[in-house]
1. For the stretch 356-386, which positions are modelled with pLDDT under 95 and β-branched (Val, Ile, Thr)?
2. Looking only at the stretch 319-347, count how many residues are free of Cβ contacts under 8 Å to residues at least 40 places away in the same chain and under 14 Å from ALA290 (Cα atoms).
3. State all residues of the stretch 113-130 that are touching a Gly at 6+ places or on another chain (Cβ under 6 Å) and under 15 Å from HIS158 (Cα atoms); if no residue qualifies, say none.
4. State all residues of the stretch 214-228 that are open to solvent by less than 10 Å² (accessible area, probe 1.4 Å) and not in a helix (DSSP H, G or I); if no residue qualifies, say none.
5. Please state which of the following conditions ASP191 fails to meet, knowing it meets all the rest: (1) surrounded by fewer than 21 Cβ atoms within 10 Å (Cβ to Cβ); (2) touching a residue at least 12 places away in the same chain (Cβ under 8 Å).
6. Restricting to the stretch 426-447, what's the tally of residues that are among the hydrophobic types (A, V, I, L, M, F, W, C) and over 20 Å from the mean Cα position of the chain (by Cα)?
7. Any idea which of VAL94, VAL100 is in a strand (DSSP E or B) and within 27 Å of GLY228 (Cα to Cα)?
8. Exactly one of these conditions fails for SER43: (1) modelled with pLDDT of 75 or more; (2) over 30 Å from GLY162 (Cα atoms); (3) crowded, with 18+ Cβ neighbours inside 10 Å. Give me its number.
Amino acid sequence: MDSNSSSPSPNNHASTTKINGFFHPKPGSQPATSSRSRLAMASPVNSDPKVVTGTAGYILEDVPHFTDYIPNLPTYPNPLQDNPAYSVVKQYFVHVDDSVPQKVVVHKDGARGVHFRRAGPRQKVYFEADEVQAAIVTCGGLCPGLNTVIRELVCGLHHMYGVKRVLGINGGYRGFYARNTITLTPKSVNDIHKRGGTVLGTSRGGHDTKKIVDSIQDRGINQVYIIGGDGTQKGASAIFEEVRRRGLKVSVVGIPKTIDNDIPVIDKSFGFDTAVEEAQRAINAAHVEAESVENGIGVVKLMGRNSGFIAMYATLASRDVDCCLIPESPFYLEGTGGLYEYIEKRLKENGHMVIVIAEGAGQELVSESVQSMSKQDASGNKLFQDVGLWISQKIRDHFAAQKTLPITLKYIDPTYMIRAIPSNASDNVYCTLLAQSAVHGAMAGYTGYTSGLVNGRQTYIPFYRITERQNHVVITDRMWARLLSSTNQPSFLDSKGDNEEKKEEEAALNQLPDGHCSKDTSLANKEINSIYPTTC
C-alpha cells in the first residue's frame, strides 16, 4: 500500500523525515523528552488525518502512533506470548496490515472503500509493565456497563500485561486537576460490574485541556482511558493534541459511551441493549394500564435527545406499541393524518393504545406552546422541555374538548431508571471486548483513537471520525419502514412542511440540465452528502 502524499506544513522540516505521509523528527534532531522546558520543540498542535491508500480504492483511516512524533522508541516482546491463557491461540497477534471495512455491502465494480485498523494485540509493545501508570476516567451521563468497562480495563492491564499501577480519576474531567484519585486493583473492582452507575463518579463539563495534561505529566501517567459520549471524545481529542504538542509518550484512548447510540461509525454503543431490554418493562406496564380501562392510553417517554434508536428498537421488540415518535421524524397533532386522528382511530379499533416518545421528539411543537428557555447543561447540551408531560396533557385537553371519546391516560417516565441499572449479559461481553481492545492498542503504542465495533469487528477509529457528527435514525431506511409496518402508524410525512420540502427538491432536480448529475437530495442522504459530497 502506498500512503497519500502530504504537502509540507509551514513549519521548518529540515530536521524531519517523511514516513507514511507524515513528517517525523530525524533521529537525534529532537530528543524524546517530556520536560516542559522543551515544549516549543514539540509537534504542531493540530495533527492531520492519517490516511493510507491502496489499490482498488482501498482507504485506511489510520490512528496516530508514538512513532509518528517520537523517534527511537524501544519496543519489547508482547508478554502475552508467554501467557498460558493466550499462547495456545493460533494467530493470536494481529497482523500489521489487518483492517476492517466500514461498509460490508459493496458492488463488484465498486471501490473497496474506507477501512479502520483492526484492534488486537501486537507482537511488539511500547511499554514495559513496570513503567505503565494508567488512568481511567468516566464523564457525562450514566449508562449501563460503565463499571464493567472499568473492571475489564483494570483486569486486562493487570492479567494480560502485568500492569500494577492503575488510577481512577474521581468525578470526571475535573478530577484530573482536583487531585481526586482512587487506586484500582483487580480485587477492588472484582464485583463492580454488578452495580449500576460508575464507581469513579462522573460530571459534565469541567474540561481544561492544559490543566488536565499538566496533571497527567505531574502524576507520571502514560496511558489515559476516557469513557464518555461525543462531547467527552472531543475532549479526549483535545487532550491527545496537547499531549502530542508536548511530545509526551502518553496513549490517549477513548471508549465510546452513550445510551442513545448516537455515536457514528460504530455498530452500537455499550449499554444500548440493556436500555432497550429495560424499556420493555415500562412499555409492558403502560400496555397493562391501557388495556385495563375503556379507551386507555399509555404514554412512555424514553431517552433519545437527538436520536431515536432506543424508542425505535424498544418498539420493535415490544410489539405492544401503537405509535413511536422520534426526533428524526417530525409529527403534527391536528388535521388529517395527524396524531389526534390516529389516536381516535386506534381507540375505536382496539379500545386502547400505547405511545412511545423519545425525549427529543416534537421539541419544536413544545417550544410553540411552552415558553422555551435557551438553557444548557455543563456539557453545552440544550436543556429540553419534558415532551412526555406536554404531549400527555395535549392529548387529554383535545379529547376533553371533543367530548365524544372519554379517555384515561397514564404517563410513565423510566428514563433515569433505565440508565442506572447494571448491564445485561450481551453488554457485559461487549464491554469486555471494548476494554481489552483499548488496552491492546495502548500497549502497542497507538494513541488518539476510540475503540469501537465496526461490522462485528473490534477496530481503532481516529477521534475525528467519532466527533464529526451524530448518528441518527434514517427515516427512509428499512429499519424505520419495519417499525411503521409493525405499528401500522402513519409516517407523518404529509405535513405542510414536508410537502413544501419535497416540492423544493423536485424543482431543483427539474432545473438540472440534461447530462448533469447532482447530489442525492433524499432525507436519507442529506447528512451523508454534507460530509462526503457526491461528484460526477
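1. Scanning the stretch 356-386 gives VAL366, VAL370.
2. So the count comes out to 2.
3. ALA129
4. So the first thing to find is which residues in the stretch 214-228 are open to solvent by less than 10 Å² (accessible area, probe 1.4 Å), and the list is 215-216, 221, 223-228.
ILE221, GLN223, VAL224, TYR225, ILE226, ILE227, GLY228, listed by residue number.
5. That leaves (2) as the condition not met.
6. From the stretch 426-447, those among the hydrophobic types (A, V, I, L, M, F, W, C) are 429, 431, 433-435, 438-439, 442-444; that's our starting set.
Now drop any that are not over 20 Å from the mean Cα position of the chain (by Cα), which leaves 443-444.
The number of residues fulfilling the criteria is 2.
7. Numbers: VAL94 fails: in a strand (DSSP E or B).
So the residue among VAL94, VAL100 that is in a strand (DSSP E or B) and within 27 Å of GLY228 (Cα to Cα) is VAL100.
8. For SER43, the exception is condition (1).
The values are calculated or read from the model by the stated rules, or taken from the named source; none is laboratory data. Remember, predicted model here, so these are calculated numbers, not experimental data. Cβ coordinates were reconstructed from backbone atoms using ideal geometry, including for glycine residues, and neighbour counts include every protein chain displayed. Just the protein is used for accessible areas: all its heavy atoms, side chains included, with ligands, DNA and RNA removed. Shrake-Rupley method; radii C 1.70, N 1.55, O 1.52, S 1.80 Å.
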